[in-house]
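Novice: Got a structure for you, written out below as C-alpha cells; questions coming shortly.
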Amino acid sequence: MTHLTIREIADAWKNEKRPYVKQSTFAAYMLTLENHLLPYFGDMTDLSEQTVQSFVLGKLNGGLSIKTIKDILIVLKMIMKHGVKNKWMEHAEWDIKYPTTANPTDIEVLTVANHKKILDHIKANFSFKALGIYLCLTTGLRIGEICALRWEDINTQTGTLQVKRTIERIYIIEGDKKHTEVVINDPKTPNSIREIPLSAEALSLIKPLMKIVNTGFYVISNDAKPIEPRTYRSYYKRLMKSLDIPAIKFHGLRHSFATRCIESNCDYKTVSVLLGHSDISTTLNLYVHPNMEQKKRCISKMFKSLGK
C-alpha cells in the first residue's frame, strides 16, 4: 500500500468527481476542502476516529452548526472512500459524538399581520420586483427559484406556475485563483421541480401582464437578464425596512408560507410537495410543532375512539 496524504487523495478525488456533479455542487465541495478539511487534515495520511472527533469539537467551538459539520464530514468520507479504493490509505470507522441540544432553534416567520401587510402593500404599489416577494409569500419559492422564474413558467389557463430552474452565485476555485460566478441550474433536488397553484388574487395581478410581457423574460427583472439572489436580497431588506417590519432572512418568506399552510390545517404531505421537499420528514421537523391544545384534542379523540 502506498500511503498518500489527504491533500494528494483529495486532488485525485476532485478530478474524478468533477464530471459527475453539478457545477454548484462541485464548487461547494471545493470550498469545504479549502476552508475546513485541507487546513486540518491536509498533511495526514490516516483519519482515526479520535482525529475526526477533535476536528468536530474544534468546529463546534468555532460556532459552526452540527448540520454544517455533518455536511463537511460527508465530503471527508468521500475522500477517504476514494483513498481506500485506490489503496492509498486505511479505512477507518467513526462514531462521532455531538452535544445534545435541548431546544431546536426557532425558525423565523412573519406574523399573520405582517404577512398580510406585505401582500396588501404590493397589491397597492405594484412593481415586477415586488411581485417576486408576493409570489414567495404565496407559493413558498426559494430565492434562487424566484430569481430564475420566467413568464413562460406561468400558465394563467391552469392557474399554476412551474419551478424548473434556480439561480445561484458560486465560488470557483482553480488552483490559486478564486472568483464567483452566477449560474442557472436545475432546482435543488428532483422534487424541487414542481407545479404550484396560484391564488385567485395572484392570478388577478398576473393575468393583465401576460398580454404585454415577453414570455422569455425573467419575471422579477422583466428583462432577458435575471436579477441575481444577492441583489434581490438587498431589495427585500429595503422593502421590509420601508414597511417597518422586523428584519427576517429572505428564507423566512418560505417559512412563513409553510407555517400559514400548517396553521390552516392543510395536510402535511401536500405542504411538503408544494415546498419541493424530498421527504415529508423535513416538513414535519421544520414546521409541525403541536401546542398543548392540539395535544389535548389528540388524547381526547383517542379516548372517544375507545368509546370512553
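The values are calculated or read from the model by the stated rules, or taken from the named source; none is laboratory data. This one's a predicted model, so the numbers in the text were calculated from it and none came from an experiment. In this analysis, Cβ positions are derived from the backbone assuming ideal geometry, glycine residues included, and neighbour counts consider all displayed protein chains.
Residues are listed down the side, and each one gets a yes or a no for (1) crowded, with 16+ Cβ neighbours inside 10 Å; (2) at pLDDT below 95; (3) among the hydrophobic types (A, V, I, L, M, F, W, C):
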{"site": "198", "(1), (2), (3)": "yes, no, yes"}
{"site": "224", "(1), (2), (3)": "no, no, yes"}
{"site": "244", "(1), (2), (3)": "no, no, no"}
{"site": "253", "(1), (2), (3)": "yes, no, yes"}
{"site": "267", "(1), (2), (3)": "no, yes, no"}
{"site": "290", "(1), (2), (3)": "no, yes, no"}
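Novice: Sticking with this structure for a sec: Restricting to the range 59-81, give me the number of residues that are over 19 Å from residue 49 (Cβ atoms) and touching a residue at least 40 places away in the same chain (Cβ under 8 Å).
Specialist: Counting residues in the range 59-81 that are over 19 Å from residue 49 (Cβ atoms) and touching a residue at least 40 places away in the same chain (Cβ under 8 Å) gives 0.
Novice: Using the structure shown, decide if residue 305 is hydroxyl-bearing (Ser, Thr, Tyr) and not assigned by TED's automatic domain parsing to the domain that holds residue 121.
Specialist: Judged against the criteria, residue 305 is a match.
Novice: Any residue at all in the range 157-179 that's hydroxyl-bearing (Ser, Thr, Tyr), surrounded by fewer than 16 Cβ atoms within 10 Å (Cβ to Cβ), within 24 Å of residue 22 (Cβ to Cβ) and touching a helix residue (DSSP H, G or I) at 6+ places or on another chain (Cβ under 8 Å)?
Specialist: Looking through the range 157-179, at least one residue is hydroxyl-bearing (Ser, Thr, Tyr), surrounded by fewer than 16 Cβ atoms within 10 Å (Cβ to Cβ), within 24 Å of residue 22 (Cβ to Cβ) and touching a helix residue (DSSP H, G or I) at 6+ places or on another chain (Cβ under 8 Å).
Novice: Could you give every pair whose Cβ atoms fall below 9 Å, whose first residue belongs to the range 145-160 and is farther than 21 Å from residue 189 by Cα, and whose second residue is of a type in the set (Val, Ile, Thr) and surrounded by fewer than 16 Cβ atoms within 10 Å (Cβ to Cβ), counting only separations of at least 6 or pairs across chains?
Specialist: 151/215; 152/215
Novice: Which one of these is at negative phi and crowded, with 17+ Cβ neighbours inside 10 Å: 96, 79, 74?
Specialist: None of the others qualify; the one that does is 79.
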